[in-house]
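Reviewing the structure listed below.
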Amino acid sequence: MNRVALVTGGTRGIGAAISTALKEKGYRVAASYAGNDTAAQAFSKETGIPTFKWSIGDYDACVAGIAQVEAALGPIEILVNNAGITRDGMFHKMTRESWQDVINTNLNGVFNMTHPVWPGMRDRRFGRVVNISSINGQKGQMGQVNYSAAKAGDIGLTKALAQEGASRAITVNAVCPGYIGTEMVRAVPQKVLDERVIPQIPVGRLGEPEEIARCVAFLVADEAGFITGSTLTANGGQYLA
């Protein structure tokens, strides 16, 4: 397998699991990140996956970063838009900055990353784009109006762009994880997890990053060419879309 895959936010949490799973499948993988140099260096040392630093909220930085990746590995045929942030707060207390930061990263960032690689995918008549949305982009979540709006926007982008890419053998799909046992989620007090979070999940546990990675590996495979515009829900039955 010689295809080149780029995973944004690919050095930690779900992104790290996706990067690792794709490498294990034989893809040439690059992982981008925005800020944590220590984590990125440790990830690259452990996995051998090269890492590249830029902000996906900056279009010009994305163009330059993508050029670096392609110079090192070759044309990007698989893009996994995983990077995202939260700035939670009740709407009446939400600042313009909290709104704009989340929309700029979680929604505009998907445009900023996909737009520069799209012409090459069209020319080569092959491409795979997977957008990591969220259960809260499907059902909404109190205290996450900004995040829910951005992640819902990612689903709309997925459905529309899939129609544009289909004739060129480019598929565009979304994965909507529920509560996954990442470092961030496991930092929540165990009492809160046990009493308020896990009881809402019918399978009775948090998901694992590797389970989301397997969803992505399925969608980016050459054999998944008939699946496009889809939203793969992976939330343990918490929300049935």
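The values are calculated or read from the model by the stated rules, or taken from the named source; none is laboratory data. This structure is a prediction, so every number in the text was calculated from the model and none was measured. All Cβ positions, even for glycine, are placed from backbone atoms using ideal geometry, and neighbour counts span all protein chains on display.
Residue count for the stretch 48-84, restricted to those that are under 20 Å from R3 (Cα atoms), of a type outside the set (A, V, I, L, M, F, W, C) and outside any helix (DSSP H, G or I): 8. Against the conditions (1) crowded, with 22+ Cβ neighbours inside 10 Å; (2) farther than 27 Å from K93 by Cα; (3) hydroxyl-bearing (S, T, Y), S230 satisfies every one except (1). Counting only residues that are closer than 19 Å to I227 by Cβ, among the hydrophobic types (A, V, I, L, M, F, W, C), assigned to a helix (DSSP H, G or I) and out of contact with any Cys (no Cβ under 9 Å at 6 or more places or on another chain), the stretch 120-166 holds 6 of them. Each residue in the stretch 191-218 was checked for being β-branched (V, I, T) and part of a loop (DSSP other than H, G, I, E, B), and 2 pass.
All conditions but one from (1) over 30 Å from V145 (Cα atoms); (2) in contact (Cβ under 8 Å) with a residue 24 or more places away in the chain apply to T105; the one that does not is (1).
The residue of the stretch 167-190 that is surrounded by the most Cβ atoms within 10 Å (Cβ to Cβ), among those that are out of contact with any Gly (no Cβ under 7 Å at 6 or more places or on another chain) and part of a loop (DSSP other than H, G, I, E, B), is V188.
Please indicate, with yes or no, whether at least one residue in the stretch 227-237 is in a loop (DSSP other than H, G, I, E, B), modelled with pLDDT under 95 and not aliphatic (A, V, I, L, M). No, there is no match, as no residue in the stretch 227-237 is in a loop (DSSP other than H, G, I, E, B), modelled with pLDDT under 95 and not aliphatic (A, V, I, L, M). Within the stretch 147-199, the set of residues being under 17 Å from I103 (Cβ atoms) and among the acidic types (D, E) comprises just one member, D154. Taking the criterion of being assigned to a loop (DSSP other than H, G, I, E, B) and modelled with pLDDT of 95 or more, the residues of the stretch 1-26 that qualify are R3, G9, G10, T11, R12, K25, G26. Within the stretch 9-56, the set of residues being under 16 Å from I132 (Cα atoms) and small (G, A, S) comprises G9, G10, G13, G15, A16, A17, S19, A21, A31, S32.
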